Amino acid sequence: SFHKDFYKPIPNSKNGPILGGKVNDFCQIYKDDFLEIIDKPGLDSDDKLLRFSCIILLSEYDHLRMELLSLVKGNPLAVFRIYNLRRKFRASKDALLVCEKHKQRVEWQIGRIYRLRNSIVHSGSSLPYIANLVINMDTYYRTLISSIMSEMLEHRTSVTLDRLFSDVFMRRSENEAILSKHENQGVSYVVSLLKL
């Protein structure tokens with residue numbers, strides 16, 4: 001089955017960085033107005049990520065997406081993000097590509113952080129983009145700690161970090177295999193995977 005932690009938690013959220021991060025962004029900016037739209041009747045889940053995904057991706061929730069677009073119309077970036085999410089997750093192969101690009105971007109940023117660290121330690125020099133790297137490093141650190149805490153609470157038993165990382169890696173691999181196997185499936189299939 002498809003595991004929800006394909007999109008691992010971000011701080012203070014049970015949602016993941018790709019979709020869940022957008023839910024958190026909208027919650028922080030639009031607060032109760034956003035939650036009022038997300039919590040409208042007709043969506044058969046308590047999971048805010050799933051409800052948000054249905055509104056953004058499925059045509060039967062066009063009316064709620066229009067309400068959401070009306071709410072954010074004064075914010076061109078928010079409008080762009082709604083349309084961009086809709087484009088990025090229109091089929092299984094698109095979702096797989098988004099996840100792969102996200103993984104590559106994180107790996108690249110971690111490499112940049114490591115090179116900056118080496119530059120500081122070995123030559124005492126810094127680079128002009130240090131502030132951006134510190135922000136990224138903080139985000140990755142908080143995401144990692146939040147994910148570890150979430151996993152430990154879920155297991156409620158004595159589990160080693162090696163085991164946790166191994167489990168998450170295996171589940172991510174399973175999720176990628178599911179998306180690859182069904183790469184020609186449409187948006188309804190992508191949303192159905194979030195329901196599992």
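Which residues, counting only those in the range 154-177, are at pLDDT below 80, hydrophobic (A, V, I, L, M, F, W, C) and over 23 Å from Ile113 (Cβ atoms)?
Val159 - this is the single residue of the range 154-177 that is at pLDDT below 80, hydrophobic (A, V, I, L, M, F, W, C) and over 23 Å from Ile113 (Cβ atoms).
On the given criteria, is Ile56 β-branched (Val, Ile, Thr), part of a helix (DSSP H, G or I) and either closer than 26 Å to Leu96 by Cβ or at pLDDT below 80 (or both)?
Yes: the conditions hold for Ile56.
Quick one: in the range 24-43, which of the residues that are acidic (Asp, Glu) and without any contact (Cβ under 8 Å) to a residue 24 or more places away in the chain is farthest from Val79 (Cα to Cα)?
Asp39
Within the range 106-153, how many residues are at pLDDT below 80, farther than 28 Å from Met170 by Cβ and surrounded by 12 or more Cβ atoms within 10 Å (Cβ to Cβ)?
Total meeting the criteria: 1.
Only one residue in Arg172, Arg163, Arg142, Arg115 is of a type in the set (Lys, Arg) and in contact with a helix residue (DSSP H, G or I) (Cβ under 8 Å, 6 or more places away or on another chain). Which one?
None of the others qualify; the one that does is Arg172.
Consider the range 39-63. How many of its residues are more than 19 Å from Val190 (Cα to Cα) and either touching a helix residue (DSSP H, G or I) at 6+ places or on another chain (Cβ under 7 Å) or of a type in the set (Lys, Arg) (or both)?
1
Going by what's in this entry, would Ser173 be described as loosely packed, with under 11 Cβ neighbours inside 10 Å, of a type in the set (Ser, Thr, Tyr) and part of a helix (DSSP H, G or I)?
yes
Across the range 70-93, what is the total count of residues that are modelled with pLDDT of 85 or more, of a type outside the set (Gly, Ala, Ser), farther than 22 Å from Asn136 by Cβ and part of a helix (DSSP H, G or I)?
So the count comes out to 8.
Out of the residues in the range 1-50 that are farther than 19 Å from Phe169 by Cα and β-branched (Val, Ile, Thr), state the one that is modelled with the lowest pLDDT.
Selected residue: Val23.
The values are calculated or read from the model by the stated rules, or taken from the named source; none is laboratory data. None of the values given here were measured: they were computed from a predicted structure. With ideal geometry, Cβ positions are generated from the backbone for all residues, glycine too; neighbour counts draw on all protein chains shown.
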